[in-house]
Amino acid sequence: MMRVASLILAIIFVVALFGCTMEEKTALTGGAIGTAAGAIIGHQSGETATGALIGGTVGLLGGYLYGKHKTKQTETGDVVKFVECPKCGTNLQLPATATAGNKIRCGNCKTEFILQ
Ligand SMILES: [Zn+2]
């Protein structure tokens, strides 16, 4: 019984290492945690493999949703950059998507400048 859970865990860890997107990684991490938790819970009730499967499925889904949430946060500019206005020196908050060459308008002195 423990072999099945170990095998599932091993597969998840291997795939997690080579997973490329944030969603996949968090989903698989969640899956691994869920599988481990499920195996422990299942083991106590005498159903290790069943517990691992249920835990893994729940963890995978939870991890995927969490990963999606995290990815969305990054895309919507939750992570920000700061740039100093060349005219008045105000620290301006820019979305993470702002790149060099973007036109920035200072909220304080209304000066427009190109992001370096
Ligand atoms: Zn300014």
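We did not get these values from a lab; they are worked out from the coordinates using the rules stated. Predicted model only: the values in this text are computed from it and were never measured. Note that each Cβ is placed from the backbone with ideal geometry, even for glycine, and that neighbours are counted across all protein chains shown.
Some observations on this one:
- The fewest-to-most ranking of His69, His43 by surrounding Cβ atoms within 10 Å reads His69, His43.
- Highest-first arrangement of 57-64, 24-31, 90-97, where packing means the average Cβ count within 10 Å: 24-31, 57-64, 90-97
- Here the gap between Asn91 and Thr111, fully extended at 0.36 nm per residue and compared with their Cα-Cα distance, gives a gain of 5.9 nm.
- Rounded to the nearest Hz, the phi-derived 3J(HN,Hα) couplings of the stretch 105-113 under the Karplus curve 6.51 cos²θ - 1.76 cosθ + 1.60 (θ = phi - 60°) are 10, 5, x, 8, 9, 6, 6, 9, 8, where x marks glycine and proline.
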